[in-house]
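**Q** I have a structure here, written as structure tokens, and I will follow up with some questions on it.
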Amino acid sequence: MVDLADPLLHESGDAHAVFARLRAAPGLHWNAEGAFPGFWSVTRHADALQVLADTRSFTTAEGILLRPDRGPDPASGRMLVMTDPPRHTELRRALNRYFNPATVARLEARVDAAVRPLLDRVLDSPCDFVTDVAAAIPAFLICEMMGVPEADREHVTRLTGIAFSAADPDYQMLPSERASRSAAHGQILAYFLKLLRRRGREPGDDIVSVLASVEIGGRRLDEREVLLDCDNVIVGGTETTRHAAAGGLLALVEHPDQLALLRRCPELVPTAVEEILRWTSPATHVMRTVRRDAVVAGQPLRPAERVVLWGISFNRDEAAFERADRFVVDRHPNRHLALGHGEYFCLGAALARMQLRVLFANLLTAAGSIELAGPPRRLRSNMITGFKSLPVLLRRRATTVP
């Protein structure tokens, strides 16, 4: 049996074929203990919806990602994404003003102003779209929202890449994945500790300042809780958009008919963004722990068992999507779950969609052609579906002189 938790499976590009076979078989699928603790796999859209919606039977407090560690996660019950309602709901409400549609609409002009010169710099010369374009946009925006000074942003975003991608040897800063990931998170926490203490003396209109002053359940967050939520926001705010942008560009290159359709009908960019999210599913998986007896797809589940929901599978479920194995920029409806569902719908969803929409709208305007300039290199990770390198040549669109 294939080990679905093996990062090499996801780096190889074979995971989609494996999951297609699993979706065709009834029930859930047991992944025996190996490098990771044993878990049940959810591969179908309807089953994923059931688990995501049932916060009484399934908890995030024991962790939302597969970890080789057997002990409790130090962020359990404290970090935003690892808390259950009502605490989770209260914390989301406190942060929501930075991520709601009205705020995102006000930020759109600033993102547009950043994207235009960024693209202009890479036109007509080979570039690595992952590092030169896709990583720069979310890093610029989320760092600004968190009050990270411009001089520190490259350092902070380098650490977020290591924190999420340490299974890949190219991202390791220490000899092992576990040590690299721990060190990266440790340095992120240390950085935000300094920033938090600065905000204690000089509060600002930023996310760190809000976390430092908000009351949840009748008390202020302690210092450790603030830092964990800073880690959560900075990593989540950079990595998902980065990998969706890179995977979306590759999808357009590999499906020239869809790129041509998007050029003819630029009003389709918003629906294309939804298809990019479905197709790339940057969050490879999310995990839940059973808190009370439950049944999913006919499988009885017992408390303390782990259930892993594979986004790269349920977002290509043939039962939920017509032509599920095709990239279709005008797909409608598109009920993908790439940004979660229910209580755990991604806090930054509107922000991610806006950044992708602005990027691809500008790309269609600026680039007359998009070509691969070398082989894409997939990321070795069971957490993130993405690329560590995507060499491309974006040729400047010819201007017509009247």
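The values are calculated or read from the model by the stated rules, or taken from the named source; none is laboratory data. This structure is a prediction, so every number in the text was calculated from the model and none was measured. A quick note on method: Cβ atoms are made from the backbone with ideal geometry, for glycine too, and the neighbour counts reach across all protein chains shown.
**Q** Those residues that are among the small types (Gly, Ala, Ser), free of Cβ contacts under 8 Å to residues at least 40 places away in the same chain, within 24 Å of Leu9 (Cβ to Cβ) and in a helix (DSSP H, G or I), I need them from segment 149-186; list them, please.
**A** First, pick out the residues of segment 149-186 that are among the small types (Gly, Ala, Ser): 151, 161, 163, 165-167, 176, 179-180, 182-184, 186.
Subsequent filtering for residues that are free of Cβ contacts under 8 Å to residues at least 40 places away in the same chain retains 151, 166, 176, 179-180, 182-184, 186.
Add one more test, that the residue is within 24 Å of Leu9 (Cβ to Cβ), and what stays is 166, 176, 179-180, 182, 184.
Answer for segment 149-186, where residues must be among the small types (Gly, Ala, Ser), free of Cβ contacts under 8 Å to residues at least 40 places away in the same chain, within 24 Å of Leu9 (Cβ to Cβ) and in a helix (DSSP H, G or I): Ala179, Ser180, Ser182, Ala184.
**Q** Counting only residues that are more than 30 Å from Glu90 (Cβ to Cβ) and hydrophobic (A, V, I, L, M, F, W, C), which one in segment 311-344 is surrounded by the fewest Cβ atoms within 10 Å (Cβ to Cβ)?
**A** Looking at the filtered set, the residue picked out is Ala319.
**Q** Hey, another quick one. Search segment 301-314 for residues that are at negative phi and of a type in the set (S, T, N, Q) and pair each with any residue that is modelled with pLDDT of 95 or more and part of a loop (DSSP other than H, G, I, E, B) when their beta-carbon atoms are under 8 Å apart and the residues are at least 6 apart or on different chains.
**A** These pairs meet every condition: Ser313/Thr43; Ser313/Arg44.
**Q** Tally time: how many residues in segment 258-296 are over 20 Å from Asp325 (Cβ atoms), under 23 Å from the mean Cα position of the chain (by Cα) and not aliphatic (A, V, I, L, M)?
**A** The number of residues fulfilling the criteria is 3.
**Q** Here's another thing I want to ask about it. Among all residue pairs at least 6 apart or on different chains, which show Cβ distances below 8 Å where the first residue, located in segment 43-72, is more than 20 Å from Leu339 (Cβ to Cβ) and part of a loop (DSSP other than H, G, I, E, B) and the second is at pLDDT below 95 and of a type in the set (Lys, Arg)?
**A** Close Cβ pairs (under 8 Å, with a partner that is at pLDDT below 95 and of a type in the set (Lys, Arg)) amount to Pro68/Arg178; Asp69/Arg178.
**Q** Next up: Could you look through segment 73-111, keep only residues that are assigned to a loop (DSSP other than H, G, I, E, B) and aliphatic (A, V, I, L, M), and pick out the one that is modelled with the highest pLDDT?
**A** The selected residue is Met79.
**Q** Kindly list, by first and then second residue, each pair from a residue in segment 237-256 that is under 10 Å from Ala134 (Cβ atoms) to a residue that is aromatic (Phe, Trp, Tyr) and buried (at least 24 other Cβ atoms within 10 Å of the Cβ), limited to pairs with Cβ atoms under 6 Å and residues at least 6 apart or on different chains.
**A** Ala246/Phe129; Leu249/Phe129
**Q** State the number of residues belonging to segment 187-198 that are surrounded by fewer than 19 Cβ atoms within 10 Å (Cβ to Cβ) and in contact (Cβ under 8 Å) with a residue 40 or more places away in the chain.
**A** Residues flagged as surrounded by fewer than 19 Cβ atoms within 10 Å (Cβ to Cβ) and in contact (Cβ under 8 Å) with a residue 40 or more places away in the chain within segment 187-198 amount to 1.
**Q** Right, another one. Thr289: at pLDDT 95 or above, in contact with a strand residue (DSSP E or B) (Cβ under 8 Å, 6 or more places away or on another chain) and polar (S, T, N, Q), yes or no?
**A** Values: at pLDDT 95 or above: yes; in contact with a strand residue (DSSP E or B) (Cβ under 8 Å, 6 or more places away or on another chain): yes; polar (S, T, N, Q): yes.
Taking the combined requirement at face value, the residue satisfies it.
**Q** Looking only at segment 199-222, which residues are surrounded by 15 or more Cβ atoms within 10 Å (Cβ to Cβ) and in a helix (DSSP H, G or I)?
**A** First pass over segment 199-222, keeping only residues surrounded by 15 or more Cβ atoms within 10 Å (Cβ to Cβ): 199, 206-212, 214, 216, 221.
Hits for segment 199-222 are Arg199, Ile207, Val208, Ser209, Val210, Leu211, Ala212.
**Q** Within the group Ala272, Ala260, which residue is within 26 Å of Cys127 (Cα to Cα) and free of Cβ contacts under 8 Å to residues at least 40 places away in the same chain?
**A** On the way: Ala272 fails: free of Cβ contacts under 8 Å to residues at least 40 places away in the same chain.
Every option except Ala260 fails the conditions.
**Q** Would you be able to say whether some residue in segment 124-138 is assigned to a loop (DSSP other than H, G, I, E, B), farther than 24 Å from Pro270 by Cβ and modelled with pLDDT under 90?
**A** To start, the set of residues in segment 124-138 that are assigned to a loop (DSSP other than H, G, I, E, B) comprises 124-126, 135.
Filter once more, so that each one left must be farther than 24 Å from Pro270 by Cβ: 124-126.
In the following step, the residues that additionally are modelled with pLDDT under 90 were identified as none.
Taking every residue of segment 124-138 in turn, none turns out to be assigned to a loop (DSSP other than H, G, I, E, B), farther than 24 Å from Pro270 by Cβ and modelled with pLDDT under 90.
**Q** In segment 344-378, what residues are over 17 Å from the mean Cα position of the chain (by Cα) and assigned to a helix (DSSP H, G or I)?
**A** Result: Val358, Phe360, Ala361, Asn362, Leu363, Leu364, Thr365, Ala366.
**Q** Any residue in segment 4-21 that's part of a helix (DSSP H, G or I): show its pairings with residues that are of a type in the set (Asp, Glu) and crowded, with 18+ Cβ neighbours inside 10 Å at Cβ separation under 9 Å, as long as the two are six or more apart or on different chains.
**A** Close Cβ pairs satisfying both conditions: Pro7/Asp168; Pro7/Glu177; Glu11/Asp168.
**Q** Considering only residues that are more than 25 Å from Glu343 (Cα to Cα) and either part of a loop (DSSP other than H, G, I, E, B) or of a type in the set (Phe, Trp, Tyr) (or both), which ones fall in segment 28-42?
**A** Our first condition is that a residue be more than 25 Å from Glu343 (Cα to Cα); within segment 28-42, this holds for 29-38.
Within segment 28-42, Trp30, Ala32, Glu33, Gly34, Ala35, Phe36, Pro37, Gly38 meet the criteria.
**Q** Scan (1) surrounded by fewer than 23 Cβ atoms within 10 Å (Cβ to Cβ); (2) within 26 Å of Pro37 (Cα to Cα) for the single condition Val307 breaks and write down its number.
**A** (1)
**Q** Might you check whether a residue that is closer than 30 Å to Ala113 by Cα and either touching a helix residue (DSSP H, G or I) at 6+ places or on another chain (Cβ under 8 Å) or exposed (fewer than 14 other Cβ atoms within 10 Å of the Cβ) (or both) occurs anywhere in segment 166-185? Reasoning before the result, please.
**A** Here is the first cut: in segment 166-185, the ones closer than 30 Å to Ala113 by Cα are none.
Within segment 166-185, none of the residues are closer than 30 Å to Ala113 by Cα and either touching a helix residue (DSSP H, G or I) at 6+ places or on another chain (Cβ under 8 Å) or exposed (fewer than 14 other Cβ atoms within 10 Å of the Cβ) (or both).
**Q** Going by the structure shown, is Arg263 modelled with pLDDT of 95 or more, surrounded by 22 or more Cβ atoms within 10 Å (Cβ to Cβ), touching a Leu at 6+ places or on another chain (Cβ under 8 Å) and charged (D, E, K, R)? Lay out the reasoning, then the answer.
**A** Details: modelled with pLDDT of 95 or more: yes; surrounded by 22 or more Cβ atoms within 10 Å (Cβ to Cβ): no; touching a Leu at 6+ places or on another chain (Cβ under 8 Å): yes; charged (D, E, K, R): yes.
Judged against the criteria, Arg263 is not a match.
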